[in-house]
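Worksheet for the structure shown next.
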Amino acid sequence: MYNMASSESLDQDIPLFSLSPFWARCLVGFVSFVCFVNSYNGNFVFDDSEAIINNKDLREDASISDLWLHDFWGTKLSSNASHKSYRPLTVLTFRINYILAGGLHPAGFHVVNILLHCIVAVLMLDVFSLLFSSGATDKGKKIMRAPKSALLSALLFAVHPVHTECVSGIVGRADLLCALFVVLSFLGYCKALPGFNKREHTSPFWVIFSVFLGAVAMLCKEQGITVLGLNAVFDVFVICKLNMLECIQKVLHRDKTPEKFSFLKKGLFTRIGLLAIGAMCVLYIRWRIMGTGPPAFTDVDNPASFADSLFVRVINYNYYYSLNGWLLLCPWWLCFDWSMGCIPLIKSLSDFRIMAPAALWFCLFGLMYQALFSNNGQTRRIVTMALGFLVIPFLPASNLFFRVGFAVAERVLYLPSVGYCMLLTYGYSRICRQYIKKVHYNVGKNLADRGQQTEAIKFYREAVRLNPKYVHAMNNLGNILKEKEELHEAEQLLSRAVSIQPDFSAAWMNLGIVQNSLKRFEEAEKSYLTAIKYRKKYPDCYYNLGRLYADLNRNMDALNAWRNATILRPNHSLAWNNMIILLDNTGNLAQAEAVGREALKLLPHDHSITFSLANVLGKAEKYKESESLFLRAIDANPSSASYHGNLAVLYHRWGHLDLAKKYYEISMKLDPSAQGTRENYNLLKRKLEQRGHM
């Protein structure tokens, strides 16, 4: 049984309610009915006159065998006047309507059309479910694996305005019946596949039955035969998971090992062979019935096909395609008849309408690229089948194989709209996914900025789940986990982020910080240097690199890194402060004083730099200036115990013992746990006691 991927993630991205299969069918059927029920009391219009009112094949006195010898309009197929539209089953339903109604009463004809559209729309739920979920079943039991995606697509199909001509015009029944049997043929073919009904191998019966239903669809309207192509595309690209990119790579590398082309197995040749034989038989029989002569049309019906210039024919055919695409995309204006010069021909490249075919092919090539070469299997599957349903049923109306009797006809878009609805649903899900993941990211960022890290983690995790390649969410989540000392998970997230986006400097720097905390110093250094490689002017990274070098006692490297940070950002307080402290700790008081004075000129109100320079001056016995700086630092940050404590040390060293005692006591009150301050205070007390006994 095939392990077919589900579309759970696709459904999660669509903000639509979930319904059971029964209620989903009820909803789609109801919506279909409501949208088109107002056409039930329409009259016979336009082509209805020839196909129904003046068609003698509907009358009871006409032999029913004549249906199989006449075209859709009641003309003998052998006649030169015949349009060769061989649709005997559609005419048979008209005849039944005529008999049951007791004459030409249009209401009965319209009701049948409305009901047919409702049935097709409901069956589309099963079709869309298979297309979006790659045909998965559960132990032979049919289930709806993509309920939201299938429901949304079926609803779009049910209400699409471009179906108005098919449903409201009685002659549109040909398209409705054709679509019905195309759907049944597709669903029947799916039953032939391994993995359905607990079957491990291909079922020839269902393949042959699918071909039979395709033939029935063709007897309703010519384009019905295209379902066999749809079945083949579904089998090759969805069931057997053909990946064109992998195949091209294997051919280029001359990799001919059988296991590398597993898509050729699984009974594919048997099924495709039966489809091909069936298609040839059906087409041959139809060719014998119709005769070899093409239908006769005039330039009024299809002006482009009568143009003398090949360029004019080709460019106008493509313009017709773009108009059909626009009708699917934006059915703002509809027309029951596009002939009689309704669409003027494009005769030169200066005609601005030439942009329409260019836009159409730009979109189609983009979709084809995604269908064939996308790294995302779900994207390849859905876009391939959407293009299949969009293009293959339209081919008989494309003028590519034979001249058709119209320029644009909305009725021929009934089946291609299936592909359009798939693309619209998939595009909508992608937009929702982008919106939702950004919402989660933004909420997480706002929570993190307010210090609510636990809540922020949940939203960042959801953003990453919705988009496994959302590197900014990974980076921010890794930062929070780093602060919470969950270093190993933070490292995994940040490593994943830089593997997805190798030039993501911030993630490289944060990865270095985590590796430094894990005592993996060499890896941390490489990460910092990689961040600087991709972002030359990165003061924060130079600062963190300096901290790493300081931990490794590489003092000169640390000072150089911090100096680079201050050159790139002169107000980088931490880098200045660390330079002063490192020089102070290593006994380079003169250099520390010089750096401190330089920093204080740039950042005169920075109390941390003021404090560090005060310490340096105190050690250099410049007590008065040191005292002044300590008092400035305390005035800026009066709650700092270390500021008071170090001033006390200065006074202690300077000999101002009473002042030292005062500031020691303030420091211990602010931080009772400071052991060094308490020890110094005790030393001072003993000295004061000794002085008191003298």
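This table checks each residue for (1) at pLDDT below 90; (2) open to solvent by 40 Å² or more (accessible area, probe 1.4 Å); (3) in contact with a Pro (Cβ under 7 Å, 6 or more places away or on another chain); (4) outside any helix (DSSP H, G or I).
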position	(1), (2), (3), (4)
W361	no, yes, no, no
A386	no, no, no, no
C432	yes, no, yes, no
V443	yes, yes, no, no
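Rundown of residues vs (1) farther than 30 Å from D301 by Cα; (2) among the small types (G, A, S), yes/no style:
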residue: D47; (1), (2): no, no
residue: I52; (1), (2): no, no
residue: D61; (1), (2): yes, no
residue: F94; (1), (2): no, no
residue: L100; (1), (2): yes, no
residue: A107; (1), (2): no, yes
Restricting the range 75-94 to residues that are open to solvent by less than 30 Å² (accessible area, probe 1.4 Å) and either assigned to a loop (DSSP other than H, G, I, E, B) or modelled with pLDDT under 90 (or both), which is farthest from G172 (Cα to Cα)? L77
Taking S350 as meeting all but one of (1) part of a loop (DSSP other than H, G, I, E, B); (2) open to solvent by less than 40 Å² (accessible area, probe 1.4 Å); (3) among the small types (G, A, S), write down the number of the exception. (2)
Here's a check for you: in the range 335-347, which residue that is without any contact (Cβ under 8 Å) to a residue 40 or more places away in the chain and surrounded by fewer than 16 Cβ atoms within 10 Å (Cβ to Cβ) is nearest to D47 (Cα to Cα)? P344
Residue count for the range 580-598, restricted to those that are touching a residue at least 24 places away in the same chain (Cβ under 8 Å), over 18 Å from S642 (Cβ atoms) and open to solvent by less than 20 Å² (accessible area, probe 1.4 Å): 1
Only one of these is at pLDDT 90 or above and not charged (D, E, K, R): G325, G341. Name it. G325
Select from the range 373-384 the residues that are at pLDDT below 85 and assigned to a helix (DSSP H, G or I) and list them in ascending order. F373, G377, Q378
Please specify each residue of the range 348-406 satisfying the condition of being within 27 Å of T298 (Cα to Cα) and touching a Leu at 6+ places or on another chain (Cβ under 8 Å). A356, I392, P393, F394, F401
Of all residues in the range 131-151 being of a type in the set (A, V, I, L, M, F, W, C) and buried (at least 24 other Cβ atoms within 10 Å of the Cβ), which is modelled with the lowest pLDDT? A146
Being part of a helix (DSSP H, G or I), more than 20 Å from L58 (Cα to Cα) and modelled with pLDDT of 95 or more, is that true of even one residue in the range 99-115? yes
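Go through the range 522-556 and report how many residues are assigned to a helix (DSSP H, G or I) and open to solvent by less than 60 Å² (accessible area, probe 1.4 Å).
Going residue by residue through the range 522-556, those that are assigned to a helix (DSSP H, G or I) are 522-534, 539-551, 555-556.
Now restrict to residues that are open to solvent by less than 60 Å² (accessible area, probe 1.4 Å): 524-525, 527-528, 530-532, 539-546, 548-550, 555.
Selection size over the range 522-556: 19.
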Selection status of V120, in a helix (DSSP H, G or I), open to solvent by 20 Å² or more (accessible area, probe 1.4 Å) and β-branched (V, I, T): no
Which of the helices (runs of 4 or more DSSP H) found entirely inside the range 163-222 contain at least 2 residues meeting this: closer than 19 Å to M385 by Cα and at pLDDT 90 or above? 173-191, 204-220
Report whether or not V439 is out of contact with any helix residue (DSSP H, G or I) (no Cβ under 8 Å at 6 or more places or on another chain), open to solvent by less than 70 Å² (accessible area, probe 1.4 Å) and at pLDDT below 90. yes
Only residues that are under 21 Å from N564 (Cα atoms) and either touching a residue at least 60 places away in the same chain (Cβ under 8 Å) or in contact with an Asp or Glu (Cβ under 8 Å, 6 or more places away or on another chain) (or both): list them for the range 501-532, please. M509, L511, G512, N516, F521
From the residues in the range 495-513 that are over 23 Å from the mean Cα position of the chain (by Cα) and under 17 Å from V464 (Cβ atoms), which one is most open to solvent (accessible area, probe 1.4 Å)? S495
Please specify each residue of the range 399-425 satisfying the condition of being open to solvent by 20 Å² or more (accessible area, probe 1.4 Å) and assigned to a helix (DSSP H, G or I). R411, Y420, L423, L424
Failed item in (1) small (G, A, S); (2) open to solvent by 70 Å² or more (accessible area, probe 1.4 Å); (3) touching a helix residue (DSSP H, G or I) at 6+ places or on another chain (Cβ under 6 Å), with S639 passing the rest: (3)
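The values are calculated or read from the model by the stated rules, or taken from the named source; none is laboratory data. Given the structure is predicted, the values throughout are model-derived calculations rather than measurements. Positions of Cβ are backbone-derived with ideal geometry, glycine not excepted, and every protein chain shown enters the neighbour counts. Side chains are part of the model used for accessible areas, which takes the heavy atoms of the whole protein and leaves out ligands, DNA and RNA. Shrake-Rupley method; radii C 1.70, N 1.55, O 1.52, S 1.80 Å.
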